[in-house]
1. I need the trypsin sites (Lys or Arg not before Pro) found in the range A:389-448, filtered to DSSP loop residues with at most 13 other beta carbons within 10 Å of theirs.
2. Which positions within the range A:161-179 get 20 Å² or more of their accessible surface covered by the other protein chains, compared to the chain by itself, with a 1.4 angstrom probe?
3. Rg (Å, one decimal) plus Dmax (Å, integer) for the alpha carbons of the range B:99-250?
4. What number in nm² do you get for the range A:357-409 if you take the convex hull of its Cα atoms and divide its surface by four?
5. Taking 8 Å as the Cα distance limit and 6 or more residues as the minimum spacing, I'd like the relative contact order of the range B:351-396 as a percentage.
6. What are the extents of the Cα atoms of the range A:372-486 along their three principal axes, in Å, largest first?
7. Cα convex hull of chain B: mean projected area in nm², to one decimal?
8. Can you pull the percent of the range B:1-140's accessible area that's carbon plus sulfur, 1.4 Å probe, other chains left in place?
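The values are calculated or read from the model by the stated rules, or taken from the named source; none is laboratory data. As the structure is a prediction and not an experimental result, all values here were calculated from the model. Neighbour counts run over all protein chains shown; Cβ positions are idealised from the backbone, glycine included. Note: accessible area is taken over every heavy atom of the protein model, side chains too, but ligands, DNA and RNA are not part of it. Shrake-Rupley method; radii C 1.70, N 1.55, O 1.52, S 1.80 Å.
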Amino acid sequence: MNAPTEPTIFEKSCPGSNPGRYVPAAEGPTPAELLGPAGAELLADAPPPLPEMGELQVVRHYTHLATRNFSVDANFYPLGSCTMKYNPRVNEWAAAQSGLADLHPLTPAPLAQGALRLMFELSRDLAEIAGLHATTLNPAAGAHGELTALKVIIAYHQSRGQKRTKVLTPDSAHGTNPASCTVCGRSAVPVKSRPDGRIDLDDLAAKLDDQTAALMITNPNTLGLFERDICRAAELVHQAGAQLYLDGANMNAILGLARPGDFGADAMHFNLHKTFSTPHGGGGPGAGPVAVAEHLAPFLPTPQVVQREGRYELDWDRPDSIGMVRSFAGQFGMFVRAWTYIRCLGPAGLKRASETAVLNANYLAAKLRSLLPLPHELPCMHEFVLSAQRPGQDDRGLAGRIAKRLIDFGIHPPTVYFPLIVPEALMVEPTETESLAMLDSFVAALAEIVRELESNPVVLDHAPHHATVAKVDEVAAARSPVLRWQ
Amino acid sequence: MDYVQITDSQRQQMLATIGAGSIEELLRDIPPDVRLGRPLDLPAGLTEQEARRAVRELAGESRGADRLACFAGGGAYDHYIPAVVDALASQGQFLTAYTPYQAEASQGSLQAFFEFQTLICQLTGLDVANASLYEGASALAEAVLMAVDDTGHRRVVLAEPLHPHYRRVVQTYMADLPVECVVVPAKAGQADLDALRTALTDDLAALVVQSPNFYGLIERQLPVLAEAVHAAGGAMVQVFDPISLAILRRPGSQGVDVAVGEGQPLGIPLSFGGPYLGLFACRQQYVRRVPGRLIGQTTDAQGHRAFCLTLQTREQHIRRAKATSNICTNQGLMALRAAIYLAAIGPHGLANVATVSLQRAHALARRIGELPGYALPFGDQPFFREFVVRCPTGAVDRLFDAGAERGLLPGVKLGAFDESLADCVLVACTEKRTEAEMDALVTLLAEVGR
């Protein structure tokens, strides 16, 4: 199981080894007979060349593969901006329940009241947490939420006869922000950050004009700092006739403490797979609900969950809506998990989660600042950024080497090289679900690595040494891409 | 219930280390007039025991496929999911893993996704497949965006019958871009070849055809259309069904350049519409424009085979505004489920699923077509596992109400999508529908039709 490689299912394939008795066997007319004279040209000559394995072999294969992964269940992931908190098992149980997991999306409303009620309540809960008016659950991930919200904002401006072709984003913004602008046909204009890490209001004021559709801001920002001047920024944005969009990736810092609607946001997205504990799954599925102020609500995508005369239904008749952004109504299985999480925690639990996230981050920052440069002043919120660029040293690539060496300690590396405005950035977000012992182990591991940096730096150069594979050659992978087994 | 592990005394200890008197001091950057001065207006927190009761209550207010024999399709299908799929995909090391940016910590996920990419290439007969998009409709929008970007052309033609959600999503995505979307109506339930030929002008970026189409019919003109599309300098895009490719000709052999589809039938629960699985495959020429994640094979420092995310300069975290898509989180765990499903069921098992579904759908269609008052408007055309039934005037609502009482969901009401089809129902039949259920459905239709 800790062999250097695991053969692929294609290499394990053994023709004839799969008895295929999961469902009844075909009997009766053949496809060719059923499809008639036209049928012959429609049918393939043979089934697709998929591998053949017996069930035990399948089980062994995916059990072996599972051992070749880090996971929140097994490892600490202090990944900034990802909020790798514990994924409660009761949420998995909930999503698997009959009546929820096996519900067809086009089931008529009277037979889907439980699911619709769950969606209605989640929409309402998220609007309350956001301090905004209405929520759409349609978007499938955070980036999808950004795209949805931008389209809503564009539609709003259009309804007032304005085109507005620019969107401002701080230079510390997550890459999805400018990418989402492009998908909406808008140009992304960067706004500078001040040396203290916060948005430069003067630069913001200079760049705001009647062509600005929105400012997309993250708060706390991607350095883990609360934008103290957020209300002033909102004022400037609104004076220019633009809208304020909040990227809610960092909501884990302020649940029950502050609400984006209260500090001037017109629209925001949530990441259910960050703040609301739904599992990351190796890269999804997530969900990116968008909450908006009342003036933007008519433009929300379709369908929306509504309550009429005590019954719940999906409203498909929304004349001012931007349309649909995905098939059906949303990542329902993730809604069940998030709903269950919010019910379990309640208002007190959510607030405690954020307070503890902030406490844990400040504790780590206090302990780590003596090891590596901390470019910005404390306190931080739920995350902070260290720089592995030490004064007067050539530390190019050091953040990457520290990251790889952490793997040897059984700790997933923090986010590296983001945000772009900090050289050799290491963004650390412990979340609220870690124990003090785990936080102290992380400090001890980094202390050890910094010692190695002084005494024996070559250990870092060739890290990781104790992972399932040695350092992976990503350069070769991109040079001549092999994207499938041949 | 919550999951914080820090004790009260540890909290004090930590504050002392930080040099703060209270957590409030750590929150001092939040302007006081912005601080929420009251608890969030949400129900009080529950114990886990109470939460489970609350979930059961909710679940009991909905009738899933467990209690309602599901003859509904329309883009989501009640196929059998082998027990191994849940068992293996729910392993904590897959479920709670992060996106595989750190390759050395993620070989399990990376290899699973690399195998998934290969399986989708094998299924579609195309060269490159990505590691998933959100679901079928947005995958189609991404394919169209890629074609627009690749050709530099501005006109996109959508051939009806295309799933209405897919059409609407493409229109929403293109609304803020200088792209013209033309919808060509269907003829007799299928893509209208003559009308399409006229629509394929020189500034064509892409033609989108769904097969099997929204009414369940298999489109027979893909190679002919592909030729015309290529002559106009555009890309041929097919929306496919993954189960159907077990027995039907693959997109790669039909002149298709980009194939997108909904992977939900491959071991993913119905779950009221999501999370599902966007499938995306294309010819080699598009590899540097492909949206979403791509897993590549390489070696590690000791020469062993290893996997990693690759061609990342296409993606938002590197290229930002110039990325080929804004997608970040995709549908990793669903791609894993689909791969496990395909590995478990195998090529003959998949062909069997497709064949049984086809056989049962055709048998059911024949029986319904013989009922007085009922007709199959497109009954003379080849179809896969779904077909349109025209019911007696005004019978559709009665059919669904009576069906609910008998534990049957008769299909999808087409009136919701198109008023001219208000008397029509789209009926799907998979390998999960038993003889008894099919008998009950036919009996129901007969009784309501009287």
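1. Passing both the DSSP loop test and the Cβ count: A:Arg396.
2. Checking the loss per residue gives A:His174, A:Gly175, A:Thr176, A:Pro178, A:Ala179.
3. Values for the range B:99-250 (Cα only, Rg and Dmax): 16.5, 55 Å.
4. 4.2 nm²
5. Dividing the mean separation by the residue count of the range B:351-396 yields 36 percent.
6. Cα spread of the range A:372-486 along its principal axes, largest to smallest: 52, 36, 29 Å.
7. 28.1 nm²
8. 46 percent
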